[in-house]
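Notes follow once the structure below has been shown.
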Amino acid sequence: MSAQSHIPRMTAPEITARKGKEPIVCLTAYDAPMAAIVDEYCDLILVGDSVGMVVHGLSSTVGVTLEMMILHGQAVMRTSKKALVVVDLPFGSYEDSVETAFKSASRVLMETGCQAIKIESGSYAPATISYLTERGIPVMAHVGLRPQSVNVLGGYRARGRDQKVATEIINNAVAAAEAGAFAIVVEGVNTKLAEQVTEAIHVPTIGIGASKHCDGQILVTPDMLGMFDWTPKFVKKFTDLKGESEKAVKAYAEQVKARAFPSKEYTYKFDAQPAKKTPNKTPNKIK
Ligand code: KIV
């Protein structure tokens, strides 16, 4: 491929520069075919650790490993061309020290080719964000409802219902932005808090269940495609992929049982040709 034909990907600084401008369109992707579709319309693709729940059937994101994130990150990088690709650091791969975070994040960048990582951002996060950013790794932060903390929170309810928690969320976002995060996911908060966080920081907020007042939006792609019967309140199903898939699988099963599939159209028709004589390759005997 020539250098001219290369379409440059969106960069982390370009995402930051969109603060308060055209809304930033983001979705998750975990595999090559979906990444190709999402890439066409999105500024940013997140290889989220939600992969554990929506692809691997885990009950939370806590069981997701770095190896899983790398494998899915590689698949997404193979077919996406334009969007900035961000890979989640999973639970247990970054919280204990900045050095651990650097080891995990650098592995993700080197082994997938993605351009940035995301971490869920409690009080420990600013030190990690500045350490990674100074060493060449762009970081997206994640405040509000933090799914990796489900065992502490006791569930996935929207956050910021009392002022103490709301203030903590604003403070976490401000600290993450000041530490160098290039954008911040804000998950599961009410409209007022989303507005407050968006106004309080100089980098874009990417909302998920956080109202239209964020600088961009993200959804878990299988949720918005209608792959599941139950989804959180904030998910709009833009299609019914589960219903459509069920219809297709049912039709396939019926046609197989009725020997209606494969019909002639889907069958090879060639006749076997007589085998060609192959030259005798046995070396001549030396007399
Ligand atoms: O893992 C994920 O998909 C996420 C989004 C919910 C933002 O973190």
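The values are calculated or read from the model by the stated rules, or taken from the named source; none is laboratory data. Fair warning: this is a prediction, and the values are worked out from it, not measured in the lab. Please note: Cβ atoms are built from the backbone with ideal geometry, for glycine as well, and neighbour counts cover all protein chains shown. All accessible areas refer to the heavy atoms of the entire protein, side chains included, with ligands and DNA or RNA removed. Shrake-Rupley method; radii C 1.70, N 1.55, O 1.52, S 1.80 Å.
Centroid-to-centroid, using Cα positions, the stretch 158-206 and the stretch 39-91 are 23 Å apart.
Couplings for the stretch 77-90, taken from phi via the Karplus curve 6.51 cos²θ - 1.76 cosθ + 1.60 with θ = phi - 60°, read 5, 5, 10, 8, 10, 10, 6, 6, 9, 10, 10, 5, 7, x Hz in order; Gly and Pro are left as x. A simple charge model with +1 on the Cβ of Lys and Arg, -1 on the Cβ of Asp and Glu and nothing else charged puts the dipole of the stretch 141-265 at about 500 debye relative to its Cα centre.
Whole-Hz Karplus values for the stretch 160-169 come out as x, 6, 10, 4, 4, 5, 4, 5, 4, 5 Hz, taken residue by residue from phi with 6.51 cos²θ - 1.76 cosθ + 1.60 and θ = phi - 60°; glycine and proline positions read x.
Ranking Leu109, Thr65, Gly188 by Cα position along the charge dipole of the stretch 3-239, where only Lys, Arg, Asp and Glu carry charges on their C-beta atoms, puts Gly188 farthest toward the positive end. Remark: the stretch 34-82 carries a charge dipole of roughly 120 debye about the Cα centre, counting +1 on each Lys and Arg Cβ and -1 on each Asp and Glu Cβ. What number comes out for the charge environment of Leu109, summing +1 per Lys or Arg and -1 per Asp or Glu over other residues with Cβ under 12 Å away? Taking every other residue near Leu109 into account, the sum is +2.
Summing +1 for each Lys or Arg and -1 for each Asp or Glu among the other residues whose beta-carbon sits under 10 angstrom from that of Ala158 gives +3. Between the listed residues Leu132, Ile206, Asn151, the Cα displaced farthest toward the positive end of the dipole of the stretch 86-207, a dipole computed from Cβ unit charges relative to the Cα centre, is found at Asn151. Full extension of the chain segment joining Lys81 with Glu95 gains 1.9 nm, where the gain is 0.36 nm per residue of separation less the Cα-Cα distance. When shorter helices are ignored and each DSSP H run of at least 4 residues is given -39500 (n - 2.57), the per-residue value for the chain at 222 nm works out to -11000 deg cm²/dmol.
For the stretch 3-239, the Stokes-Einstein estimate of translational diffusion at 25 °C and a viscosity of 0.890 mPa s comes to 140 µm²/s, using the Kirkwood hydrodynamic radius over alpha-carbon pairs.
Summing Cβ point charges (Lys, Arg +1; Asp, Glu -1) relative to the Cα centre of the stretch 3-239 gives a dipole of roughly 400 debye.
Excluding same-chain neighbours fewer than eight residues apart, the lysines reachable from Lys247 by a Cα-Cα span under 21 Å are Lys237, Lys257. Relative to the longest principal axis of the Cα atoms of the chain, the long axis of helix 241-257 makes an angle of roughly 20 degrees. Taking the charge dipole of the stretch 3-239 about its Cα centre, with +1 at Lys and Arg Cβ atoms and -1 at Asp and Glu Cβ atoms, the residue from Val235, Ile45, Gln163 reaching farthest to the positive side is Val235.
Going by accessible surface with a 1.4 Å probe and the largest first, Leu84, Leu109 read Leu109, Leu84.
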